[in-house]
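Data first, discussion second: the structure below is written as structure tokens.
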Amino acid sequence: MITDSHAHLYWNSFDEDRDRVLARARAAGVERIVVPGTDVATSRAALDLAASQEGVFAAAGVHPHAAEGFDDSVRDEIEAMCRRPDCVAVGESGLDWFRNYSPRRDQLDCFHWHLDLARRIDKPLIIHCRAAFEDTARILPEYRGVRGVMHCYAFGTVELEPFLAADLYISFAGAVTYPKNEENRKAARAVPIERLLVETDAPFLSPHAHRGKRNEPAHTKLVVDCLAAERGMSASALARVTSENAARLFGLPAVS
């Protein structure tokens, strides 16, 4: 079993072939997919998709790109969705100082609120961090006890320490397969095996073999193959342990 711990399957680029995408994922051994929302509408779409597809699980949250105008009505809707028993996590939320599509003040307010919500309802938080390492690392100690994952980890070994100290899981996506991304592969070797996850972030960040094309959950296998080779494990062993980790973090059924 392979678990894609982060894929945006509601994205409109999947509208014409979503069923075939899911069939290819299952044929590749990807039996579980976590689908995080990025705003109110996509969080609803994620929950609807999870209700209709076996092995698909939803999370609800507001991405930093959508943080502008993060008001009480949005908070109320996201919290209501996160409290649903079929919602396995809060997020994704975090900070993105690379694009800055939303004002930094709004991003910070949104991130703090999601961290507080995750702590209040005791669900894991899916954290986005792009070009915002210092601020993310500074904020996390304010929310001791929050469970979660650094999704699409893009840094090296030096930046791992504050995230591991916060007891977070670390998830690697297709970028770890890029030939010039040796620092990211070093980090993938350094993460304790019990904290390791794999993902696609589909439809973004295709692995090297499909770079420039739409990503999809079937490609999680290429991330598994890369990390297994880096860590000197069989792909099947790494697939199993990362699926067990995802099950533990997100409260999914136990891996048989």
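The values are calculated or read from the model by the stated rules, or taken from the named source; none is laboratory data. Computed from a predicted structure; not experimentally measured. As a convention, Cβ positions derive from the backbone with ideal geometry for all residues, glycine included, and neighbour counts pool all protein chains shown.
Screening ALA41 against (1) small (Gly, Ala, Ser); (2) in contact (Cβ under 8 Å) with a residue 60 or more places away in the chain; (3) farther than 18 Å from ARG214 by Cα leaves a single unmet condition, (2). Screening ARG84 with (1) surrounded by fewer than 17 Cβ atoms within 10 Å (Cβ to Cβ); (2) touching a strand residue (DSSP E or B) at 6+ places or on another chain (Cβ under 9 Å); (3) closer than 16 Å to VAL62 by Cα gives one miss only, at (3). Looking only at residues of segment 27-61 that are out of contact with any His (no Cβ under 7 Å at 6 or more places or on another chain) and β-branched (Val, Ile, Thr), we find that the one that is nearest to MET1 (Cα to Cα) is VAL30.
Of the listed requirements (1) more than 18 Å from the chain's Cα centre (by Cα); (2) touching a residue at least 12 places away in the same chain (Cβ under 8 Å), LEU115 misses just one: (1).
Pairs are defined by a Cβ separation below 7 Å, a sequence spacing of at least 6 or placement on different chains, a first member in segment 49-65 that is farther than 13 Å from TYR10 by Cβ and small (Gly, Ala, Ser), and a second member that is surrounded by fewer than 20 Cβ atoms within 10 Å (Cβ to Cβ) and at pLDDT 95 or above; the pairs so defined are GLY55/GLU31.
Restricting segment 143-194 to residues that are free of Cβ contacts under 8 Å to residues at least 24 places away in the same chain and basic (Lys, Arg) leaves a set whose member that is farthest from VAL223 (Cα to Cα) is ARG144. Evaluating ARG240 against the criteria (1) touching a residue at least 60 places away in the same chain (Cβ under 8 Å); (2) in contact with a helix residue (DSSP H, G or I) (Cβ under 8 Å, 6 or more places away or on another chain) leaves one unmet condition, (2).
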